[in-house]
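What follows is a short report on a single structure.
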Amino acid sequence: MATARETFRVPSGPVDLSAIDPRGRPIGPRDKADAALEMENLGARLDIRQEALFAEGTSGGRRAVLLVLQGMDTSGKGGTIRNVLGLVNPQGVHIASFKRPTEEERAHDFLWRIRRHVPEPGRIGVFDRSHYEDVLVARVEGLVPEEVWRARYAAIADFERELSGRGVTVLKCMLHISPEEQAQRLLARLDDPQKRWKYDPGDIDSREEWPAYQEAYAAAMQHCDSDAAPWYVVPADRKWYRNWAVAALLAETLDDVAPQFPPPGYDVDAERARLKRSSGIR
């Protein structure tokens with residue numbers, strides 16, 4: 001069976017998101033029950049890899065992993081973080097959420113605020129939205145001239161190559177949701193008093209620009225996909241499948257990184273003997 005990274009990797013050349021089914025299940029679990037069982041196995045796999053990565057970082061290792069989550073509103077960035085990163089020790093995870101830039105952030109280069117949240121060695125970093133907002137929202141809403149946002153593709157590619165050179169493995173997931181499913185999720189927020197805080201009237205404005213956003217996503221992935229920082233398109237209409245797919249992508253990526261528990265800086269047998277003597281254990 002093909003791996004998750006082989007299956008969900010964005011195709012080379014021009015990207016046609018309309019050819020990718022947001023409700024698709026090309027590999028993996030076929031229903032919610034199967035997904036729950038597979039998530040248990042993935043959880044154990046992720047947990048041991050994340051602990052090894054963290055241990056490696058505390059001993060001078062320089063490697064880290066950065067998971068970038070992008071998608072239209074309601075595509076499930078928060079749910080993915082809760083269900084996938086909730087499988088590992090939170091002490092080894094750094095989550096950054098990028099909203100509308102502040103006055104201070106706008107006074108700097110667009111990557112300034114991003115650099116401040118690159119994960120430290122030994123950590124899994126997660127970006128809920130990211131530097132790609134500056135070639136998505138900025139492009140569709142005309143926040144900057146075209147020559148500005150077009151130049152950012154090269155800046156992003158350079159930045160991600162820099163991260164790779166520093167030992168940060170970058171994994172980028174576009175959570176691909178249909179406008180029909182988004183409408184149902186927005187209605188669910190309006191219908192539930194406990195979810196109304198998540199609703200933003202601006203989401204309707206973004207819906208009216210759906211084709212433009214799809215075009216912007218396709219261009220961003222085409223220009224900024226590389227083996228050092230690959231893009232994956234994850235079907236996101238089924239929440240359980242979305243969670244499984246991102247967990248599988250992260251697990252495969254960590255398997256490839258293969259972090260190692262560092263050897264102890266002491267004599268194990270000698271320390272065992274000392275402990276037994278101090279405890280009266282024979």
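The values are calculated or read from the model by the stated rules, or taken from the named source; none is laboratory data. Just so we're clear, the structure is a prediction, and the values are computed from it rather than from any experiment. Here Cβ is always computed from backbone atoms with ideal geometry, including for glycine, and neighbour counts include all displayed protein chains. Side chains are part of the model used for accessible areas, which takes the heavy atoms of the whole protein and leaves out ligands, DNA and RNA. Shrake-Rupley method; radii C 1.70, N 1.55, O 1.52, S 1.80 Å.
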Nearest-ten-degree value, helix 146-165 long axis tilted from longest Cα axis of the chain: 10
Normalised convex hull volume, the stretch 131-174, alpha-carbon set, Å³ per residue: 60
Carbon + sulfur, % of accessible area of the stretch 142-236 - ligands and nucleic acids excluded, 1.4 Å: 50
Cα convex hull of the stretch 2-98 - mean projected area over all directions, nm²: 8.3
At 0.692 mPa s and 37 °C, Stokes diffusion of the chain via Kirkwood alpha-carbon radius, µm² per second: 162
Mean Cβ count within 10 Å, highest first, over the residues of peptides 138-149, 53-64, 81-92, 263-274: 53-64, 81-92, 138-149, 263-274
Alpha-carbon Debye profile of the stretch 141-282, log10 I(q)/I(0) at 0.09, 0.12, 0.20 Å⁻¹: -0.51, -0.74, -1.29
Prolate/oblate/rounded label for the stretch 161-209 (Cα gyration tensor, a/c 1.5): prolate
Surface per residue (accessible, 1.4 Å probe) for the chain, Å²: 51
Nearest-ten-degree value, helix 210-224 long axis tilted from longest Cα axis of the chain: 50
Anchor LYS77: lysines whose Cα lies under 17 Å away (excluding residues fewer than 8 positions away in-chain): LYS99, LYS172, LYS195, LYS198, LYS239
Size descriptor, Kirkwood hydrodynamic radius, that averages inverse alpha-carbon separations across the stretch 49-123, Å: 14.1
The stretch 115-212: Cα Rg divided by the 2.2 N^0.38 Å rule of thumb: 1.35
